[in-house]
Amino acid sequence: MTIDVQLRRCTPGDAPTLALAGQATFLETFAGILPGPAIVAHCARAHCGAHYDAWLVDPAYQMWLAEAGHGGAPVGIMVVGPTELALPDLSERDLELKRIYLLSRFHGGGVGRQLLHEAVRHCRERGAARLLLGVYAKNDTAIGFYQRCGFTRIGTRKFKVGDQYFDDFIMSLPLEK
């Protein structure tokens, strides 16, 4: 059975939905890979309603929800904003894909590509030169997806989850032709 998924830009008031979807997708992706207490601490800090509330009122950020079925249940989120990645050639015209999370049940149906297409369109509208992201170095599925979409690996960073650090790859998609 195919479930219809719609994308929409977020509005003030979406913070609780963003927090729930962010926590659910992060837990689903990393349970059994990262330590449970680290996941819980990370979600409490990085996926709380207040965190999303702050982004929702900041014009430098844009967020989307992927909603499934007739009831609009949240199945994924995406956040684009100013980059905080430490790169030697970082430009003010670079933007970062801070979140692109989708419940695994919806992987492989084109929703991830739809979300990424929206991010690229948004970045081009804002005059961005590159779209950057950080991805867990052992998440081969996500890395493969980004590579198929044109991203290349340009660096590494340490990413904190809970009180532990993990390796991330930094990937880039050029937006200027």
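Structure notes:
Condition check ((1) aromatic (Phe, Trp, Tyr); (2) over 12 Å from Leu18 (Cβ atoms); (3) at pLDDT below 95) across all residues:
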{"site": "Asp53", "(1), (2), (3)": "no, no, no"}
{"site": "Val75", "(1), (2), (3)": "no, yes, no"}
{"site": "Ala86", "(1), (2), (3)": "no, yes, yes"}
{"site": "Leu90", "(1), (2), (3)": "no, yes, yes"}
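- Qualifying residue in the stretch 138-148 (condition: more than 30 Å from Gly69 (Cα to Cα), at pLDDT below 95 and not β-branched (Val, Ile, Thr)): yes
- Condition met for Leu65 (crowded, with 18+ Cβ neighbours inside 10 Å, farther than 14 Å from Ala21 by Cα and of a type in the set (A, V, I, L, M)): no
- In the set (1) among the aliphatic types (A, V, I, L, M); (2) in contact with an Asp or Glu (Cβ under 8 Å, 6 or more places away or on another chain); (3) surrounded by fewer than 13 Cβ atoms within 10 Å (Cβ to Cβ), Leu56 fails one condition alone, (3).
- Of all residues in the stretch 36-47 being surrounded by fewer than 16 Cβ atoms within 10 Å (Cβ to Cβ) and not small (Gly, Ala, Ser), the one that is farthest from Gly110 (Cα to Cα): Pro37
- Residue list for the stretch 113-131, restricted to those being assigned to a helix (DSSP H, G or I) and free of Cβ contacts under 8 Å to residues at least 40 places away in the same chain: Arg113, Leu116, His117, Arg121, Glu125
- There is at least one residue in the stretch 125-137 that is among the small types (Gly, Ala, Ser) and in contact with a Pro (Cβ under 9 Å, 6 or more places away or on another chain).
- Condition met for Leu90 (of a type outside the set (Val, Ile, Thr), farther than 15 Å from Cys149 by Cα and buried (at least 23 other Cβ atoms within 10 Å of the Cβ)): no
- Under the condition of being free of Cβ contacts under 8 Å to residues at least 24 places away in the same chain and either in contact with a Ser or Thr (Cβ under 6 Å, 6 or more places away or on another chain) or crowded, with 19+ Cβ neighbours inside 10 Å (or both), the residues counted in the stretch 1-35 number 0.
- Residue-level check: of (1) farther than 19 Å from Val135 by Cβ; (2) hydroxyl-bearing (Ser, Thr, Tyr); (3) touching a helix residue (DSSP H, G or I) at 6+ places or on another chain (Cβ under 8 Å), Thr29 misses just (1).
- Residue count for the stretch 142-177 under the criterion of being assigned to a strand (DSSP E or B), surrounded by fewer than 18 Cβ atoms within 10 Å (Cβ to Cβ) and charged (D, E, K, R): the result is 5.
- Which listed residue is acidic (Asp, Glu) and in contact with a Lys or Arg (Cβ under 8 Å, 6 or more places away or on another chain), from Asp168, Asp140: Asp168
The values are calculated or read from the model by the stated rules, or taken from the named source; none is laboratory data. Because the structure is a prediction, the values reported are computed rather than measured. Positions of Cβ are generated from backbone atoms using ideal geometry, with glycine treated the same way; all protein chains shown enter the neighbour counts.
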